[in-house]
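Working notes, beginning with the structure itself.
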Amino acid sequence: MEHTAQIINGKAVSDRLLSEIAAKTAAMATPPGLAVVLVGDNPASHIYVANKVKACAKAGIRSLEHRLPADATESEIKGLIETLNADPEIDGILLQLPLPDGLDSDMLIQTISPDKDVDGLTIPNIGKLVAGLDGLVPCTPQGSMMLIKEVCPDLTGKHAVVIGRSLLFGKPMAQLLLAANATVTTAHSKTADLPEICKQADILVAAVGRPKMVKADWVKKGAIVIDVGINRLDTGKLCGDVDFDEVSSIASAISPVPGGVGPMTIACLMANTLKAHQ
Ligand code: NAP
């Protein structure tokens, strides 16, 4: 009989996490507050923000949207972030990326108070993650780690390969895997023999942004495969960085796109907002 991998259901895991958060916020006199700053009219960003607002409702978190026009200046955005930093009603601040061209995202992210940095992208939070200290951890790697733990609670001695080295995902993912006692290889666009390296992975995490790049012959039999990529095909359909149909016949477990890492990212944003409140 042909082998088919276990599908790691990110929707179910994220719903469970949201319910746990809702149970905690329901018992609070003042629920946590998340401010979402949306600049310009990138359609994808509007969809992401709408989904985040929906998740806030499920988790019992107050959401406050701040929309600025596409021609907002850096100093206007900085001024808004500073006001939110000082507002005791706001526990978390999310600056929706990407910002319109010409705005310095890195500088603006670093303006967010580290205590309210629910995306975990400020230098103090990155430093804490690397130092093994408690801080706010970026949502997508945090959610990916939860999916891995669903199927492999103990990563000790496992070889994890992460494709991608962005500050948003690849680097923090590698740190989380390292902290969980995996042996970690980070691959990127300059890596030689990428398929060969991927084939050594017990846990393979792909975060590249190239549709169906990871093929069946890149994957070790029985590996756990986490697909972080979100790519829109010409047909309008979403697909990941992993060739799901091929790789499902080799892996022991695989996260689908959509319905895998995506919902976990939003649920972890809620978890970070609760943590920032506490
Ligand atoms: P990014 O900043 O563009 O980073 C992409 C990484 O992939 C870079 O490190 C790049 O290497 C590497 N890469 C590019 N081409 C490659 C190749 N041919 N072989 C090996 N490595 C290659 O993207 P990101 O923000 O990390 O996001 C990656 C993907 O995850 C995107 O599809 C994004 O939409 C998705 N994503 C999903 C979620 C979610 O919630 N599910 C959240 C965030 C991101 P270099 O460093 O050498 O350029």
Eligible lysines near residue 54 by straight Cα distance, threshold 22 Å, same-chain separation 8 or greater: 11, 24, 116, 275
Accessible area of residue 217 in the full protein assembly, 1.4 Å probe (Å², nearest 10): 100 Å²
For the chain, calculated [θ]222 nm from helices alone, where every DSSP H run of n ≥ 4 adds -39500 (n - 2.57): -12500 deg cm²/dmol
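Using DSSP loop states and a limit of at most 13 other Cβ atoms within 10 Å to flag GluC sites (Glu not before Pro), what is the longest stretch of the chain containing no flagged site? Please list the in-between numbers first.
Details: sites that count: 2, 89.
Formally, the longest exposed-site-free interval is 90-278.
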Inter-part distance where the stretch 199-226 and the stretch 162-195 are each reduced to a Cα centre, Å: 12 Å
Theoretical FRET efficiency, 1/(1+(r/R0)^6), r = Cβ-Cβ of residue 78 and residue 6, R0 51 Å, to 0.05: 0.65
Along the chain, longest interval not containing exposed trypsin sites (Lys or Arg not before Pro), exposed being DSSP loop plus at most 15 other Cβ atoms within 10 Å: 1-189
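Pairs of alpha-carbon atoms within less than 8 angstrom and 6+ residues apart define the contacts here; what relative contact order does the chain have, in percent? It would help to have the intermediate numbers written out before the result.
Numbers: 577 pairs, mean separation 64.4, N = 278.
Dividing the mean separation by the residue count of the chain yields 23 percent.
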Added length on full extension, which subtracts the Cα-Cα distance from 0.36 nm per residue, residue 26 to residue 167: 47.4 nm
Efficiency of FRET between residue 57 and residue 196 - r from beta-carbon atoms, R0 45 angstrom, step 0.05: 0.45
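On a 1.4 Å probe surface of the protein chains, which of 188, 3 comes out largest in accessible area, and what is the full order?
Values: 188 50, 3 70 Å².
Correct descending sequence by accessible area is 3, 188.
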Residue pairs, from the table 58/221; 149/215; 78/190, whose Cα atoms sit over 29 Å apart: 58/221; 78/190
Pairwise centroid distance, computed over Cα atoms, of the stretch 238-269 with the stretch 54-77, Å: 28 Å
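Grab the Cα-Cα distance for residue 89 and residue 189, subtract it from 0.36 nm times how many residues apart they are, and report the gain in nm with one decimal.
Values: separation 100, 0.36 × 100 = 36.00 nm, distance 4.28 nm.
Result: 31.7 nm gained on full extension.
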Segment residue 16-residue 130, extension gain: residue separation times 0.36 nm, minus the distance between their alpha carbons: 38.2 nm
Student exercise, the chain dipole from Lys, Arg, Asp, Glu Cβ charges, in Debye to nearest 20: 620 debye
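The values are calculated or read from the model by the stated rules, or taken from the named source; none is laboratory data. As the structure is a computational prediction, the values presented were derived from the model and not from experiment. Note that each Cβ is placed from the backbone with ideal geometry, even for glycine, and that neighbours are counted across all protein chains shown. All accessible areas refer to the heavy atoms of the entire protein, side chains included, with ligands and DNA or RNA removed. Shrake-Rupley method; radii C 1.70, N 1.55, O 1.52, S 1.80 Å.
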